[in-house]
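**Q** Below: one structure in structure tokens.
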Amino acid sequence: MRQIYRVDAAFGQTGRMDAAWNQENADFRQKSVSYQEEKHMVTAVVGANWGDEGKGKITDMLADEADIVIRFQGGANAGHTIVNNYGKFALHTLPSGVFHSHITNIIGNGVALDIPKVIGELKSITDRNVPAPKLMISDRAQMVMPYHVLFDQYEEERLGKNSFGSTKSGIAPFYSDKYAKIGFQVSELFDDEVLEEKVQKVCELKNVLFVNLYHQEPLDPKDLLNTLHEYRDMVAPYVGNVSEFLYQAVKEGKNILLEGQLGSLRDPDHGIYPYTTSSSPLAGYGCVGAGVSPRDMTDIVCVTKAYSSCVGAGAFVSKLEGAAGDELRRRGGDAGEFGATTGRARDVGWFDAVATRYGVMVQGATQVVLTNLDVLGYLDEIPVCVAYEVDGKQITEFPATPTLMRCKPVYVKLPGWKCDIRGVKSYDELPENCRKYVEFIENACGVPIKMVSNGPKRHEVLYR
Ligand code: GDP
């Protein structure tokens, strides 16, 4: 099914736009039954880009059908915005299924678990009349320690203008320790002897850097142990053996949704390293970070926005500066493009078909969801970045960072539709230019777009 992506005059500048491909694509869609009719076992909802694609809304929506929703990576450093009957919420670690009382919500072993933050988040939703959700936290999840947050701050300060744009929530030091095998698993909280010995050892090690590199006060092992006892009491009601639970759930034919944070381009291996996150946001890692078998993953729903947005450092080829960027930022999302967790203004730009095709490819998407289409209704013409120019050549393959930093965007302009499409209830009722825009992006990505989102609310979605 993969078509060759090329840029030349014959193909109207991008992708395979020929009649044969369109027919092939139409046949493919005809054969594929709609999402609701399909039998799903394990579905991953992941991002194609830099994050903030609108995954939270899509997960919240698909959660209607799910029995279990799992977060499999990342920490409280990013967030989803969800608008539902209870109001507007920014979730950072809790899975998006927490608004549905029939769902078991799981924080998987791959997550950077910040216990006070999770418990605070739980309280913040129940304080707003959301019934207490069913929550399970993997006994194999590791914990963000108070010193991880300090290390993150001190290191960003030390790096000064060369810093990575970290949210300073301790995520990078957390994952470094996890893979250096000096992290703390939730299970260890329940073994006093193991815990005490490990706290001593780790404090000795950490204090070398605290004192000599950052010129700070040393950690006190007694204080740290007390903090960990508090963590134990907070987390105890939720701890379980998630892999066994999921193994049984799959056997019973339960509908399981895996929820990714950030997107493909922040993957430490396949993304824009070193401007990446510290854990893999790819569906492939979903199996590891949740504790399900790759054999059972049936659907990979890859979310992308109708324009591009990027928060944090790193190359962003189709970034829009000046008044045009300010306007898109102001109109984007449900209340402008500002980070759900950090409040930082996001960079915005035109749809980057090069980055998105790659992002969809590394996710192994079985379908694409295009969100925020309503935002573009004010434009006469909409540029789409279909290639990059670098070293005098045009390329359509997303390059590794050193080359990416030198790339300039190559745009084609598509006609706008100049009206508000919020409130439209079926795909066929969209203006023709709007449908053409969707189809252009679909061709560029090479994977069927099965859902189009035309507003931030849960039911503002058009199925194709
Ligand atoms: P996530 O991390 O991928 O879940 O994305 P965020 O929640 O951080 O950012 C997506 C933003 O777009 C949020 O403000 C959503 O409320 C908003 N949003 C999602 N889908 C749509 C849509 O179709 N139209 C509009 N206007 N906003 C949307």
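The values are calculated or read from the model by the stated rules, or taken from the named source; none is laboratory data. Predicted, not measured: the structure shown is a model, and the values here were computed from it. When we count neighbours, we look across all protein chains shown, and the Cβ atoms used for this are built from the backbone with ideal geometry, even at glycine.
**Q** If you go through the stretch 321-332, how many residues are in a helix (DSSP H, G or I) and either without any contact (Cβ under 8 Å) to a residue 24 or more places away in the chain or surrounded by fewer than 18 Cβ atoms within 10 Å (Cβ to Cβ) (or both)? Don't jump to the end; show me each part of the working.
**A** Within the stretch 321-332, the subset in a helix (DSSP H, G or I) is 322-331.
Subsequent filtering for residues that are either without any contact (Cβ under 8 Å) to a residue 24 or more places away in the chain or surrounded by fewer than 18 Cβ atoms within 10 Å (Cβ to Cβ) (or both) retains 322-327, 329-330.
Number satisfying all stated conditions: 8.
**Q** Among VAL362, VAL369, which is crowded, with 20+ Cβ neighbours inside 10 Å, within 17 Å of the chain's Cα centre (by Cα) and more than 16 Å from the ligand (Cβ to nearest atom)?
**A** Only one candidate passes the filter, namely VAL362.
**Q** Among the residues that make up the stretch 383-396, is at least one of them within 22 Å of LYS57 (Cα to Cα) and in contact with a strand residue (DSSP E or B) (Cβ under 8 Å, 6 or more places away or on another chain)?
**A** Of all residues in the stretch 383-396, those within 22 Å of LYS57 (Cα to Cα) come to none.
There is no residue in the stretch 383-396 that is within 22 Å of LYS57 (Cα to Cα) and in contact with a strand residue (DSSP E or B) (Cβ under 8 Å, 6 or more places away or on another chain).
**Q** Sort through VAL438, VAL447, VAL412 and tell me the only one that's assigned to a helix (DSSP H, G or I), more than 12 Å from the ligand (Cβ to nearest atom) and either more than 21 Å from the chain's Cα centre (by Cα) or at pLDDT 95 or above (or both).
**A** On the way: VAL447 fails: assigned to a helix (DSSP H, G or I); VAL412 fails: assigned to a helix (DSSP H, G or I).
Testing whether each residue is assigned to a helix (DSSP H, G or I), more than 12 Å from the ligand (Cβ to nearest atom) and either more than 21 Å from the chain's Cα centre (by Cα) or at pLDDT 95 or above (or both) leaves just VAL438.
**Q** Does ASP380 qualify as being at pLDDT 95 or above, near the ligand (Cβ under 9 Å from one of its atoms) and under 21 Å from GLU432 (Cα atoms)?
**A** no
**Q** Still on this model: Considering each of ALA313, ALA335 in turn, give the residue that is within 16 Å of the ligand (Cβ to nearest atom) and assigned to a loop (DSSP other than H, G, I, E, B). Working first, answer last.
**A** Working: ALA313 fails: within 16 Å of the ligand (Cβ to nearest atom).
Only one candidate qualifies: ALA335.
**Q** Out of all the residues in the stretch 153-204, which are of a type in the set (Gly, Ala, Ser), part of a helix (DSSP H, G or I) and surrounded by fewer than 19 Cβ atoms within 10 Å (Cβ to Cβ)? Outline the logic, then answer.
**A** Filtering the stretch 153-204 for residues of a type in the set (Gly, Ala, Ser) gives 160, 163, 165-166, 169-170, 172, 176, 180, 183, 187.
Filter once more, so that each one left must be part of a helix (DSSP H, G or I): 160, 172, 176, 187.
Correct list: GLY160, SER176, SER187.
**Q** For the stretch 88-104, state whether one or more residues are within 17 Å of THR371 (Cα to Cα), in contact with a Pro (Cβ under 8 Å, 6 or more places away or on another chain) and of a type in the set (S, T, N, Q).
**A** Within the stretch 88-104 (the criterion being within 17 Å of THR371 (Cα to Cα), in contact with a Pro (Cβ under 8 Å, 6 or more places away or on another chain) and of a type in the set (S, T, N, Q)), the answer is no, since none of the residues qualifies.
**Q** Write out, first by first residue and then by second, each pair whose Cβ atoms fall under 7 Å of each other, whose residues are 6+ apart or on separate chains, and whose first residue, in the stretch 68-87, is within 12 Å of ARG458 (Cβ to Cβ) while the second is within 12 Å of the ligand (Cβ to nearest atom) and in a strand (DSSP E or B).
**A** Listed pairs, sorted by first residue: THR81/LYS88; THR81/ALA90; ILE82/PHE89; ILE82/LEU91.
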